[in-house]
Amino acid sequence: MPGKILVLAEHRAGKLKSISWEVIGFGQKLAEQLQQELKVVLIGKAIECLADEVSRKCGQKVLTIISDRCEAYTPEAHCQILSQVAQQESPFLFLMGHTYQAVDFAPKLATMLGRGFIPNCVDYQIEAGRLQFVRQVFNGKINLQVGLKGEPPYFVSLQQGAFNAYEVQSRQSPRVVNLTVPLPEEMLKRKVLEIVQAAQGKVDLSQAEIIVAGGRGLASKEKFQIILDLAHTLGAAVGASRPVTDGGWLPKEHQIGSSGQTVTPKLYIACGISGAIQHLVGMMNSSCIVAINKDPNAPIFSVADYGIVGDVFKVVPVLIELAKEIRK
Ligand SMILES: Cc1cc2nc3c(=O)[nH]c(=O)nc-3n(C[C@H](O)[C@H](O)[C@H](O)COP(=O)(O)OP(=O)(O)OC[C@H]3O[C@@H](n4cnc5c(N)ncnc54)[C@H](O)[C@@H]3O)c2cc1C
């Protein structure tokens with residue numbers, strides 16, 4: 001397979017978004033398997049320090065496109081810049097996170113270049129030397145294998161949480177190269193006047209290292225309190241399955257799954273959650289999963305590293321006491 005792999009890294013407030021570390025980690029693994037070179041692409045204004053930091057941290061070559069006109073994201077500037085980067089670099093793959101930005105510009109960019117775009121991938125396979133990506137359809141019920149057809153580059157976006165950011169490895173050949181890409185004023189059809197921060201939900205579960213999540217098995221809002229107690233004792237964030245947020249036991253921002261947040265904590269404790277596919281897609285890439293359920297056949301046990309078959313109202317208080325003992 002010819003060419004190299006480019007990763008578009010997104011950033012905000014001088015920091016790389018967590019999904020971009022996941023994409024870099026995946027890109028490194030794939031580049032090694034396909035014996036290709038990996039380069040990270042950063043677009044923005046005054047991003048020199050960030051580019052240095054990213055390059056040092058992952059040990060990869062970083063290509064920067066620095067312009068006053070890139071202070072705020074616009075789809076025209078991204079398409080204009082990335083189409084020229086694709087032509088200059090001739091990559092085999094162009095990887096990115098499946099973010100609002102990618103959904104906004106990537107189909108347009110792929111169409112401009114007459115290339116394909118495979119969105120929201122959760123896995124990949126290499127069979128007989130042929131690379132295929134896996135994406136979920138019908139609300140996560142069916143996995144679709146998508147092959148690459150036509151001329152490269154192939155544009156691919158990855159679902160948040162599908163690949164682990166902890167896999168990023170330093171290759172110890174950091175370097176930052178600034179690319180000159182013309183960005184004529186007339187190409188830019190819109191001007192960003194102001195960026196208004198959305199009202200912050202109190203919970204960003206995607207950054208949590210430990211999550212204690214509860215489901216319908218907790219029976220009521222009042223009884224759900226033991227999940228909050230366990231989370232408090234462990235210094236963990238609180239997650240929930242959909243019936244919990246639908247029932248108003250917790251705000252919607254705590255929901256994990258296909259219509260909630262995707263999380264990859266180091267430890268996920270699922271209490272009274274059956275393990276419906278819509279829940280699993282949001283948490284199954286956690287590093288260590290502990291499931292507590294009174295039904296030994298509950299599907300959650302199929303993704304669990306440790307399973308406790310038992311009543312949450314008996315098991316959780318014991319865990320709280322144990323955690324308190326350990327913290328003393
Ligand atoms: C379009 C769509 C999107 C969806 N999106 C999401 C989503 O984002 N997130 C999500 O979570 N769901 C989502 N769902 C809902 C999903 O299909 C399941 O209905 C839901 O995940 C089930 O939640 P649960 O496991 O808490 O409840 P249940 O499936 O009712 O499971 C409760 C579990 O608790 C166990 N239990 C009961 N009592 C106890 C006890 N005392 N001790 C121990 N265990 C006990 C039971 O054995 C059972 O396994 C979606 C559904 C649709 C159709």
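Before moving on, here are some points about what is shown:
- Candidates LYS57, LYS45, LYS29, LYS17 - the one that is more than 28 Å from ARG190 (Cα to Cα), in the same structural domain as CYS121 (by TED's automatic domain parsing) and touching an Asp or Glu at 6+ places or on another chain (Cβ under 7 Å): LYS29
- Taken as a whole, the condition of being within 16 Å of the ligand (Cβ to nearest atom) and within 16 Å of MET96 (Cα to Cα) applies to GLN159.
- Tally, over the range 267-308, of residues that are in contact with a helix residue (DSSP H, G or I) (Cβ under 6 Å, 6 or more places away or on another chain), surrounded by 22 or more Cβ atoms within 10 Å (Cβ to Cβ) and free of Cβ contacts under 8 Å to residues at least 60 places away in the same chain: 7
- For the range 316-328, a residue qualifies if it is within 16 Å of the ligand (Cβ to nearest atom), in contact (Cβ under 8 Å) with a residue 12 or more places away in the chain and surrounded by fewer than 18 Cβ atoms within 10 Å (Cβ to Cβ), and the qualifying residues are PRO317, ILE320.
- Of all residues in the range 29-43, one or more are surrounded by 19 or more Cβ atoms within 10 Å (Cβ to Cβ), touching a Cys at 6+ places or on another chain (Cβ under 6 Å) and farther than 22 Å from SER206 by Cβ.
- Screening LEU42 against (1) on the phi > 0 side of the Ramachandran plot; (2) of a type in the set (A, V, I, L, M); (3) in contact with a helix residue (DSSP H, G or I) (Cβ under 9 Å, 6 or more places away or on another chain) leaves a single unmet condition, (1).
- Subset of the range 271-295 that is more than 6 Å from the ligand (Cβ to nearest atom) and in a loop (DSSP other than H, G, I, E, B) - its residue that is modelled with the lowest pLDDT: ASN285
- Among strands (runs of 3 or more DSSP E) entirely within the range 170-270, having at least 1 residues that are assigned by TED's automatic domain parsing to the domain that holds THR64 and more than 10 Å from the ligand (Cβ to nearest atom) singles out 175-178.
- Scanning the range 65-75 for residues that are of a type in the set (A, V, I, L, M, F, W, C) and assigned to a helix (DSSP H, G or I) yields a single hit, CYS70.
- Subset of the range 76-98 [outside any helix (DSSP H, G or I) and crowded, with 19+ Cβ neighbours inside 10 Å]: PRO91, PHE92, LEU93, PHE94, LEU95, MET96, GLY97, HIS98
- Total residues in the range 122-157 satisfying the condition of being closer than 15 Å to MET284 by Cβ and surrounded by 17 or more Cβ atoms within 10 Å (Cβ to Cβ): the figure is 3.
The values are calculated or read from the model by the stated rules, or taken from the named source; none is laboratory data. Just so you know, these numbers come straight off a predicted model, no measurement behind them. Positions of Cβ are backbone-derived with ideal geometry, glycine not excepted, and every protein chain shown enters the neighbour counts.
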